[in-house]
1. Exactly one condition in (1) within 17 Å of the chain's Cα centre (by Cα); (2) at pLDDT 90 or above is false for Asn165; which is it?
2. Is there any pair linking a residue in segment 67-92 that is farther than 18 Å from Ala34 by Cα and in a helix (DSSP H, G or I) to one that is of a type in the set (Lys, Arg) and at pLDDT 75 or above, with Cβ under 7 Å and at least six apart or on different chains, and which?
3. Read through the list (1) closer than 30 Å to Ala74 by Cα; (2) of a type in the set (Lys, Arg); (3) not assigned by TED's automatic domain parsing to the domain that holds Pro102, then give the number of the only condition that Arg162 fails.
4. Given the condition touching a residue at least 40 places away in the same chain (Cβ under 8 Å) and either within 26 Å of His101 (Cβ to Cβ) or not in a loop (DSSP other than H, G, I, E, B) (or both), answer yes or no: does some residue in segment 180-191 qualify?
5. Would you check if Phe138 is assigned to a helix (DSSP H, G or I), touching a residue at least 24 places away in the same chain (Cβ under 8 Å) and farther than 30 Å from Ile67 by Cα?
6. Could you give me the residue pairs with C-beta distances under 6 Å whose first residue belongs to segment 106-134 and is touching a residue at least 12 places away in the same chain (Cβ under 8 Å) and in the same structural domain as Glu96 (by TED's automatic domain parsing), whose second residue is not hydrophobic (A, V, I, L, M, F, W, C) and not in a helix (DSSP H, G or I) wherever it lies, and which are 6+ apart or on separate chains?
7. Among the numbered criteria (1) of a type outside the set (A, V, I, L, M, F, W, C); (2) modelled with pLDDT of 90 or more; (3) crowded, with 17+ Cβ neighbours inside 10 Å, which single criterion is violated by Tyr85?
8. Going through segment 236-248 one residue at a time, which ones are at pLDDT below 95 and over 14 Å from the mean Cα position of the chain (by Cα)?
Amino acid sequence: MQFNMEDPVSPTIDAWLFELKHRKSTSPDSILDASDPYDKAMLTFQYFTNSVIDGLERNDPEVVSLIHDGYLTAAYSRVPNTNYYKSDYMRQWVKEAMLKHPLRRKEHPFYFLAIIRAQNNSELRSVKSRLLAAHTEFEEWISRVFDPENLVKDPSGLWFLRNQNGIKDVDSSAVASEDPCFICTEKFDEDSHVAKQALCGHIICGGCFDKWLLECRGRYNCPMCRACVVCGANDCKHHDVQQEVAAPFPLPAILNVALPEAVSQSLHGLDPHIYFRLREETRQDRVSAAWIAILIKHTPENDPLFERFVEDGRELMQSIVTTCGMDRHYWAAE
């Protein structure tokens with residue numbers, strides 16, 4: 001999963017120009033909307049690509065050096081080709097990367113987003129400075145995402161809605177001391193009922209905003225007017241996150257069964273890259289297993305559904321355990 005920064009057969013400038021113009025640029029007939037956050041990200045990346053093309057056409061030594069140093073390969077490796085720009089594939093690829101928790105993103109989408117952030121940084125004036133800044137951010141992210149302490153945790157599926165929303169603290173002078181929260185009717189205070197304001201202007205307590213997130217099922221809207229709390233739009237179609245029915249069943253507990261001989265080893269003896277892939281590829285099944293466990297807990301034993309839930313849960317857990325115990329070469333394969 002790591003980039004090869006020392007490729008002995010570096011493409012020529014002409015080859016890179018062809019690649020960038022015909023495979024890594026938006027199609028001339030593509031219509032991208034700058035008000036759409038994912039189209040905007042694609043446009044920003046295209047601006048960066050245009051600057052790389054310009055530098056190569058001028059034979060700018062700084063830009064040309066990015067070929068031989070491997071940075072261009074790192075930047076464009078596995079970025080979908082032009083033909084995908086003509087469909088919804090590229091937009092979905094960008095959307096998934098932007099909405100996913102940073103510690104769940106794959107390497108190539110993360111690098112893509114790091115370049116976008118560097119392109120938007122007005123202090124970075126040259127192509128090389130932007131690309132080096134993106135690569136530095138990427139290296140720092142690598143150290144965090146493959147840290148064993150982070151790998152054994154399942155990052156929240158609602159990270160984007162919790163951390164990228166427009167909910168702000170309210171100045172105490174803007175809220176009367178006797179004003180209640182419209183949802184729970186409790187008076188605002190500086191402790192458990194802190195006043196918070198959405199982009200639409202409605203004010204409720206932070207606790208109710210948190211509870212409402214769990215009720216929204218993927219679209220975090222104001223409970224008063226249904227405006228998106230991320231962008232404030234009443235008809236937002238961009239900030240929808242698939243909400244999981246339960247927190248995933250912990251992977252370490254499953255690996256204790258699948259790899260009992262490695263219980264005492266860090267990451268059960270698995271390479272961090274393999275562990276990452278295993279964690280992500282089993283996540284949905286582990287969510288289902290956790291949800292079935294909740295159903296079993298709340299279903300009376302004399303209910304006809306109880307035995308069915310138990311059997312479904314047993315089969316699913318056995319399937320996950322079998323998957324986790326597969327030959328490590330399987331998980332190492334790209």
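1. (2)
2. Listed pairs, sorted by first residue: Tyr76/Lys24; Thr82/Arg23; Thr82/Lys24.
3. (1)
4. If we filter segment 180-191 for residues that are touching a residue at least 40 places away in the same chain (Cβ under 8 Å), which is where we start, we get 182-183.
With either within 26 Å of His101 (Cβ to Cβ) or not in a loop (DSSP other than H, G, I, E, B) (or both) added as a condition, the list becomes none.
So far as segment 180-191 goes, no, none of its residues is touching a residue at least 40 places away in the same chain (Cβ under 8 Å) and either within 26 Å of His101 (Cβ to Cβ) or not in a loop (DSSP other than H, G, I, E, B) (or both).
5. On the way: assigned to a helix (DSSP H, G or I): yes; touching a residue at least 24 places away in the same chain (Cβ under 8 Å): yes; farther than 30 Å from Ile67 by Cα: no.
Answer is no for this residue.
6. His108/Arg78
7. Failing condition for Tyr85: (2).
8. Filtering segment 236-248 down to residues at pLDDT below 95 leaves 236-247.
Once the filter is applied, which keeps residues that are at pLDDT below 95 and over 14 Å from the mean Cα position of the chain (by Cα), segment 236-248 yields Cys236, Lys237, His238, Glu244, Val245, Ala246, Ala247.
The values are calculated or read from the model by the stated rules, or taken from the named source; none is laboratory data. Please read all numbers here as calculations on a predicted model, not as lab measurements. Neighbour counts are summed over all protein chains in view; Cβ atoms, including those assigned to glycine, are modelled from backbone coordinates with ideal geometry.
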